[in-house]
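Taking it in order: structure first as structure tokens, then the write-up.
Values quoted throughout were computed directly from the atomic coordinates according to the rules given, and no laboratory measurement underlies them. On a predicted model such as this, the values are computed, not experimentally measured, just so you know. Neighbour counts run over all protein chains shown; Cβ positions are idealised from the backbone, glycine included.
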Amino acid sequence: MRLAPPLGETSRRRFLIVQIDGLSRTLLDRALAGGSLRGLRRLLASGRLALRDLSVGLPSSTPAFQAAIMYGGRPDIPGFHFYDKRAGRELHFPARGVADLVERRHAEGRPGILEGGSCYGCVFTGGAADSLWTFARLKRLARAGRGVRRAALSALLLASVALKCVGLTLVTLVRGAGRAILALAAGRVNLRWSMEALLLDIGVSIWVRELFTLLVSADLYRGVPAIYVNFIDYDVFAHAYGPADRLAFRALRRADRSILQLARIVRRLPELGYDLYVLSDHGQVATRPFGALAGGASLEQVVRAALEAPAPALRVIASGPNAFVYFTDRAEPVRAAEIETRYPRAMARLSRHPGVGLVLARRGRPRAVRDRRARRRGQLHRRARRARGPVRGGAARVHPSSPDRATARRRAHPSPAALPAFPGVSRGGGRGS
């Protein structure tokens, strides 16, 4: 016996999207060549999955990626943290109610690809009826977590997963204690680092991942038409310890086992017609803190110094590889020409800072770009290639430089041409006819 979809279901195809948060193409190839993604390597070798690239662009954030893939179109989300002049407030996605506000804006007039489906561990719901641990439902907890209550009916299933998690937790504790003893004997113990890694390993990479895998498995057997699960293990460890750290790759191996488990279930259910997608929203590279290149000064201090004049209505918000500069005395964006009038040669001075790779400002179309590698210092030049869509998030955008003078992080967000053709969603971002 097994769980069955409701009677009267149509024969339209269903889909399961599995996101490995924060995995770049470079480290994906490295993990496939090594032993960290053996399950995905087998799925690729068998032809059940095919490897394709997504376009790389800005904004570089998980919310922008998920908004684009769930609702189509070009997202009006400049970063994970930004200032919204329309609302007159800072928007930071972990804050309660922020993701809900942004999702309602993007969902207006656009059906989400997860309508009637389930969503786990994402920023937005994509219209899903059931969701767990999504930022957009933090303000409306009564509507969140129905997947858990439904799974509670399968007490035996929950008990087996809990038993597995307890076993993995004990093994992790024993290994952690062994590593701590060896580090202590070598005189290089870092108790705080060890405890943080241990708690993340147990909480995120064991219990959360196993719970998500259980809920998605139940959804597959019930024939839920659209499922999106985001395995955040790798991203959490990559942010904390580096994208190539052994802890990050261990989390990647565990996510790989869950993906293989879900792929087996999809294969057992050919009559339900599931399409499996495995994707990543962005990547990460090793960087140096901005303060290390600025003599300990903050980015806002550097910007104010470049202006060389009082700016009481200035707000600077750093978000990953980008920093947004806002002049809050005006509701509309301030153009490059006006910035130059207010603060002569300020953008030129800012672009020459060793911690800044690129300064962007609005100048109609094409946009004004100030690059410190311009032929003449202080010269505004036009970018040869027009960017896709309007620049959002402030009068100017600052891109901190990285050791290789490239963008500090390269993250992917899909262009309309790169969006997979999910059922009922056209490449232009609307409902298919």
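Given the peptides 14-27, 35-48, arrange them by the average over their residues of other C-beta atoms within 10 Å, most packed first. Write out the running numbers ahead of the final one.
Working: 14-27: 21.9, 35-48: 16.0.
Ranked by mean Cβ neighbours within 10 Å, highest first: 14-27, 35-48.
How far is it, in nm, from the label point at Gln301 to the one at Arg345 when both lie 7 Å from their Cα along the line to the Cβ?
The answer from the label model is 2.4 nm.
Using the per-residue mean of other Cβ atoms lying within 10 Å as a proxy for protection, in what order, highest first, do the peptides 87-94, 282-289 fall?
Values: 87-94: 14.4, 282-289: 17.6.
Order by mean packing, descending: 282-289, 87-94.
If we count other beta carbons within 10 Å of each Cβ, what is the order of Arg250, Arg52, Arg349, fewest first?
Numbers: Arg250 17, Arg52 8, Arg349 21.
Ranked by crowding around the Cβ, least crowded first: Arg52, Arg250, Arg349.
What is the set of long-range amide H partners of Arg362 at a cut-off below 5 Å, with H atoms built 1.01 Å from backbone N?
Ala336
What's the FRET efficiency of Tyr277 with Ala33 using the Cβ-Cβ distance as r and R₀ = 22 Å, to the nearest 0.05?
Details: r = 22 Å, r/R0 = 1.01.
The computed FRET efficiency comes out at 0.50.
So, by mean Cβ neighbours within 10 angstrom, what's the order for 116-128, 67-79, 322-334 with the highest one leading?
Details: 116-128: 25.4, 67-79: 23.6, 322-334: 18.1.
Descending mean neighbour count gives 116-128, 67-79, 322-334.
Amide H neighbours of Arg14 under 5 Å, counting only residues 5+ apart in sequence or on other chains, H built in-plane at 1.01 Å?
Residues meeting the criterion, in which the H sits 1.01 Å from N, are Tyr274, Asp275.
So who's got an amide H within less than 5 Å of the one on Ala244, skipping anything under 5 residues away but keeping other chains? H placed 1.01 Å off N, in plane.
none
Each residue of region 316-322 in turn: what ³J(HN,Hα) in whole Hz from Karplus with 6.51, -1.76, 1.60 and θ = phi - 60°, glycine and Pro shown as x?
Once θ is set to phi - 60°, the couplings for region 316-322 become 10, 10, 8, 8, x, x, 10 Hz.
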